[in-house]
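Contents: one structure, followed by commentary.
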Amino acid sequence: MNIVLLGAPGAGKGSQAVVMSAHYGIPHISTGDVLRANIKNQTEIGKYAKQFIEKGLLVPDEVVDKIVANRISEEDCKKGFILDGYPRTINQADALGGITKLDYVIVIDVDYSVIVKRISGRRMCSCGATYNTSTYDRSDCAVCGKKLFTRDDDKEETVLKRLEVYEKNTAPLLDYYSKKGLILKVDGSETVEKTFENVLKALNNANN
Ligand code: AMP
């Protein structure tokens, strides 16, 4: 199954991608994670992407298009993949459509008021685990014990910019994919578990 997860920053795409990837045995591809790893390793892509990411802006299409095209051509994506955070523009969606066929675009629907609250409580670990202060009050990672940190672009002013960018560049993809009959909309306002139930229900209904 080739799946795209769509939704505003903080809607829970990453959390759903992790559980869906384990459930269906297909890889989770997050362009945000790939870019952050490049920044950490100080690669040329990382140095270039950093200036956009820290302002809450989108990294130019060519960069992310290449990352995704390379990744989905790998062997482990033959059975399917879950794209999280890509595409984010109509141009990216066109580029993706040129190299693969999608089965579903799952839209995780969450009110902006909930999103702003969620992002301000978001904490990450360098091992990839993510937490929220509303449900996890420790400062170290439950998986590996390292100290948790707040993403640089999760600061309030950057979050507002990211939401604005989402509205302008990414929200039009709902219409784009709706015309192709690919959209499955699920409520993502509750817990990760509840949202995952909603995702499974939507996929089971669509597959029957
Ligand atoms: P995310 O972890 O998906 O929220 O992505 C973090 C940041 O990485 C975004 O705010 C963008 O600056 C950049 N980014 C991630 N995916 C893309 C994409 N598909 N197109 C452009 N920029 C992206």
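Of Leu148, Gly56, Tyr131, which is farthest along the charge dipole of the chain in the positive direction, counting Lys and Arg as +1 and Asp and Glu as -1 at C-beta? About the Cα centre, the residue reaching furthest to the positive side is Leu148.
Most tightly packed first, judged by the mean number of other beta-carbon atoms within 10 Å of their residues, the peptides 50-58, 117-125, 133-141 read 117-125, 50-58, 133-141. For Val107, nonlocal amide neighbours, meaning residues 5 or more places apart or on other chains whose placed amide H falls under 5 Å from its own, are Leu6, Leu184, Lys185, Val186. Once the dipole of the chain is set up with Lys and Arg at +1 and Asp and Glu at -1 on Cβ about the Cα centre, which of Gln16, Val199, Asn2 lies farthest towards its positive end? With unit charges placed on the Cβ atoms, the residue in question is Gln16.
The label point for His23 and the one for Glu62, both projected 7 Å from the Cα toward the Cβ, are 3.9 nm apart. With a Cα cut-off of under 26 Å and a minimum spacing of 8 residues unless on different chains, the lysine pairs in the stretch 84-207 number 23. Within the straight-line cut-off of under 13 Å between alpha carbons, the aspartates and glutamates reachable from Lys79 are Asp103, sequence neighbours fewer than 8 places apart in one chain being disregarded.
For Asp187, neighbours were defined as the other residues whose beta-carbon sits under 9 Å from its Cβ, and their charges (Lys and Arg +1, Asp and Glu -1) total 0. With one equal scatterer per alpha carbon and no solvent term, the Debye-computed log10 I(q)/I(0) for the stretch 1-98 at 0.25 1/Å reads -1.47.
Its alpha carbons considered, the stretch 128-208 gives a radius of gyration followed by a Dmax of 17.1, 46 Å. For the stretch 1-150, a simple Cβ point-charge model (Lys and Arg +1, Asp and Glu -1, everything else neutral) yields a dipole of about 540 debye relative to the Cα centre.
Taking the empirical scaling 2.2 N^0.38 Å for compact globular proteins as reference, the stretch 57-208 has a Cα radius of gyration ratio of 1.14. Surface composition of the chain: carbon plus sulfur atoms hold 51% of the accessible area, using a 1.4 angstrom probe and ignoring ligands, DNA and RNA.
With the Kirkwood sum run over all distinct C-alpha pairs, the stretch 43-89 has a hydrodynamic radius of 11.9 Å. Accessible surface area normalised per residue over the stretch 65-208 is 57 Å², counting heavy atoms of protein chains with a 1.4 Å rolling probe.
Highest mobility in the GNM of the chain, judged by mean-square fluctuation with C-alpha springs under 10 Å and restricted to Asp175, Asp109, Asp61, is found for Asp175. Within the straight-line cut-off of under 19 Å between alpha carbons, the aspartates and glutamates reachable from Lys66 are Asp33, Glu44, Glu74, Glu75, Asp76, Asp84, Asp94, sequence neighbours fewer than 8 places apart in one chain being disregarded.
The values are calculated or read from the model by the stated rules, or taken from the named source; none is laboratory data. Since the structure is predicted, the reported quantities are computational estimates derived from the model, not experimental observations. Note that each Cβ is placed from the backbone with ideal geometry, even for glycine, and that neighbours are counted across all protein chains shown. For the accessible areas, the whole protein counts, side chains as well, though only heavy atoms, and no ligand, DNA or RNA atoms are used. Shrake-Rupley method; radii C 1.70, N 1.55, O 1.52, S 1.80 Å.
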